[in-house]
Amino acid sequence: TFEVRYGQRDGASSSYDLELRNLIEWADGNGNGRIDDGETLGWTSLGRFAFGDVPVQRSNRSDPDGGRVIEFRIPSRIGNVALHVTIAQRFMRLGDSILTPMEATMEIQMNPRLSHPGASVGLEFYLYTEDRVRIEGRSWDEVNRFASGEGAVNVTSREGDRPASVFLSWSNTAVAAGGEIPVAVTNPTLVPDTYDLYFAYPLGTPQAVST
């Protein structure tokens, strides 16, 4: 579980917890590229089951401009998912995007052992917050030209005239077999303050995915 917090001095603060729950196998019965009701074929538990007590591999380096870059690599004990988290002290270019000092980026690498040959894969997250949630077609980074092709969840808390916002953004594409595939998000709400987010990666044949 990842905890994200932001607060303004003498103003509002906002937060959310994000839990990586399951690796999903699914079949796109209606061809819309999303994980809909009745399309799930099976799942593999992640969270504590996959990452509990796993050693975290940490590295620390300096960019040419002197800024520190800290990276964490977290392999799963089941071997089919790995997390790669990067934090930079200064603005840092990552491919076609720029990582700002107030963000962390996480790459998720999947090499699933599918129980259903030919199935597509997906990830299920739980997002917990008591603040106001809005799903957006463009992320803060995209609006401010630090990235392109991103969606986002915006979480905002208001206190007087000084609101505070945090966000979760994602790329609308992933890499599979050296090429790009689309990423679609389904977000049914289970209970108040809990949002069940499904990220769908449609595949024709089993292959490794990086998102």
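The values are calculated or read from the model by the stated rules, or taken from the named source; none is laboratory data. Keep in mind the model is a prediction, meaning the values are calculated, not measured. Don't worry about glycine lacking a Cβ; one is built from the backbone with ideal geometry, like all the others, and counts go over all protein chains shown. Accessible surface is based on the protein model in full, side chains and every heavy atom, while ligands, DNA and RNA are left aside. Shrake-Rupley method; radii C 1.70, N 1.55, O 1.52, S 1.80 Å.
Could you work out the local net charge near Asp65, counting Lys and Arg as +1, Asp and Glu as -1, over the other residues with Cβ closer than 13 Å to its Cβ? Provide the component values of the computation, followed by the final result.
Details: positive: Arg61, Arg68, Arg90, Arg93; negative: Asp63.
Its environment carries a net charge of +3.
Rounded, prolate or oblate: which fits the stretch 1-61, taking a ≥ b ≥ c as square roots of the Cα gyration tensor eigenvalues, rounded meaning a/c under 1.5, else prolate when a/b beats b/c? Oblate. Between Asn22 and Leu46, Glu124, the built amide H atoms are under 5 Å apart, and every one of these is 5 or more places off in sequence or on another chain. Charging the Cβ of each Asp and Glu at -1 and of each Lys and Arg at +1, and nothing else, the dipole of the stretch 103-197 about its Cα centre rounds to 160 debye. Here the label points at Thr189 and Ala177, each 7 Å from Cα along the C-beta direction, are separated by 3.9 nm in the simple model. As a length-normalised measure over Cα pairs under 8 Å and 6 or more apart, the relative contact order of the chain settles at 24 percent.
Rounded, prolate or oblate: which one fits the stretch 1-135, using the alpha carbon gyration tensor with axes a ≥ b ≥ c (rounded when a/c is under 1.5, else prolate when a/b beats b/c, else oblate)? Walk me through the numbers on the way to the answer.
Details: a/c = 1.96, a/b = 1.46, b/c = 1.35.
Prolate is the answer for the stretch 1-135, as a/c is 1.5 or above and a/b outweighs b/c.
Using the Cβ-Cβ distance between Asn30 and Arg9 with R0 set to 41 Å, the FRET efficiency from 1/(1 + (r/R0)^6) comes to roughly 0.25. Over the stretch 40-170, give the accessible area per residue in Å² for a 1.4 Å probe, as an integer. Result: 57 Å² per residue. Count Lys and Arg as plus one, Asp and Glu as minus one, and take only other residues whose Cβ is under 15 Å from that of Pro202; the net charge is then -4.
Anisotropy class assigned to the stretch 33-110 is oblate, per the alpha carbon gyration tensor with a/c at or over the 1.5 cut-off and a/b no larger than b/c. Here is the P(r) of the stretch 89-211: all C-alpha pair distances, binned every 10 Å from 0, give 11, 37, 34, 14, 2, 0 in whole percents.
For Tyr128 and Gln57, the difference between the fully extended length at 0.36 nm per residue and the C-alpha to C-alpha distance is 22.9 nm. Considering only Gly137, Tyr198, Ala174, and ranking their Cα positions along the charge dipole of the chain that arises from unit charges at the beta-carbon of Lys, Arg, Asp and Glu, the one farthest toward the positive end is Ala174.
Using a 1.4 angstrom probe on heavy atoms only, work out the carbon and sulfur share of the accessible area of the stretch 1-129 in %. Don't skip to the answer; put the middle values down first.
Numbers: 3440 of 7320 Å².
Reported share for carbon and sulfur atoms: 47 percent.
Enumerate the calculated ³J(HN,Hα) couplings along the stretch 99-116 in order (Karplus 6.51 cos²θ - 1.76 cosθ + 1.60, θ = phi - 60°), each rounded to whole Hz, writing x wherever the residue is Gly or Pro. For the stretch 99-116, the Karplus-derived couplings read 8, 8, x, 8, 10, 10, 10, 10, 9, 10, 9, 10, 9, x, 9, 6, 7, 10 Hz, x marking Gly and Pro.
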